[in-house]
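Please read the structure below before turning to the comments.
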């Protein structure tokens, strides 16, 4: 018994690894990568025509390289660099997650996704059970966790409450070897602190390893929810991302129990997924420049964006700490309403991605839905860093172009060839 094949609101079977249903156009990971290549082409054309100032990153993710000119010398050298800065990076990385340099170890990876796959391969054995615990609803476990379980041959079960988790443990006993706790989902929802503590307590009683996927939560939870830092919760290991609510490059690190993390680190190096020195020193600069006050400013702008979006879309738009989230099904609802049709040929994810690509092509707005590669969650999320949001024109302008992009998808959805061109442009499959 694995994860049940759930269906979306339109009756389409949801892929349990990716969390949405495939359609005629977005039919698999290959088409997501083709969409990514088209997004790159759109950005290249816009950059050549208008310059960098005409491209706006409204993802809330940092995608730049915060190294200094001096960092591009010996600090970036593969052999010399780590000798210069690694001790400091390890200390700051562990402390950022609430750990102790004397007791804990840390492993840095090219993306948190690779670190999570390595974590599962290092801990879970074939035939064992991995439990994924997150805030409701189900389906917010990251695809890298599900992939890791698949690679090792483990069964993966989901729980949304401590009671559900306890029921699984009582039913399967020693087969449960690891619980992955999603500290903050892609919708930026966190489980209640008492639930988190209960899951960790149950795990400790049954000698189950605990891993906290705290990609954004390592900063969001302590700053906005006043919760303990990752390792202060008592988990064995925790991981976070270098670019999520942190001004570093796309990267990640996992810290905690020394023996476990050393095993994970060894596998990362073997896989070629460890973080190379040039990126490591950039991550160090990002950690040094981290300012929790930025999260409070993002929250204030996000509240304004939400109020405007709710006025247009009602309950189909969800408020998240720094902006809005429109789930795939709700996005398709909006498109169908604007198309004045009972139904259209698109599946929900195609409506989301089409809206994201329209935002990029027509207005230079980068969203995860329109520009990110396979492995991300391509629903509509807008949560800009305040300076970037104001540079674009502020909350009113953001919602105006979002609505126009939904309109474009609604009109284009009457012609599948037109939708194919919107999604893939000159690279049409």
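Every number here is computed from the coordinates shown, using simple stated rules; none is lab data. Everything numeric in this text was worked out from a predicted model, so none of it was measured. As a convention, Cβ positions derive from the backbone with ideal geometry for all residues, glycine included, and neighbour counts pool all protein chains shown.
Treating r as the C-beta distance of residue 391 and residue 225 and R0 as 22 Å, the FRET efficiency rounds to 0.15.
Is the C-alpha gyration tensor of segment 1-74 telling us rounded, prolate or oblate? Criteria: a/c under 1.5 is rounded; beyond that, a/b larger than b/c is prolate, otherwise oblate. Since a/c reaches 1.5 and a/b is larger than b/c, the shape of segment 1-74 is classed as prolate. Compute the label zone of residue 147 within segment 107-128: residues whose backbone N is under 18 Å from the point 7 Å along Cα-to-Cβ. Residues 108-124 qualify, since their backbone N sits under 18 Å from the label point. Computed extension length for residue 30-residue 10: 4.9 nm, one decimal, from 0.36 nm per residue of separation with the Cα-Cα distance subtracted. The calculated FRET efficiency for the pair residue 259 and residue 164, based on their C-beta separation and a Förster distance of 30 Å, comes to about 0.50.
Note on residue 37 and residue 315: with the Förster distance fixed at 56 Å, the Cβ-Cβ geometry gives a FRET efficiency of about 0.95. Fewest neighbouring Cβ atoms within 10 Å first, the residues 169, 281 line up as 169, 281.
Quick check on segment 281-357: take the gyration tensor over C-alpha atoms, sort the square-rooted eigenvalues as a ≥ b ≥ c, and tell me if it's rounded (a/c under 1.5), prolate or oblate. It comes out oblate by the Cα gyration axes. Spacing of the modelled spin labels on residue 47 and residue 289, each 7 Å from Cα toward Cβ, amounts to 1.8 nm. Under the simplified labelling scheme, the residue 426-residue 175 pair shows an inter-label distance of 5.4 nm, with each label point 7 Å from Cα along Cα→Cβ. Rounded, prolate or oblate: which one fits segment 45-151, using the alpha carbon gyration tensor with axes a ≥ b ≥ c (rounded when a/c is under 1.5, else prolate when a/b beats b/c, else oblate)? Judged from the Cα gyration tensor, segment 45-151 comes out oblate (a/c at least 1.5, b/c at or above a/b). Note on the chain: Cα-Cα pairs beyond 36 Å make up 26% of the total pair count.
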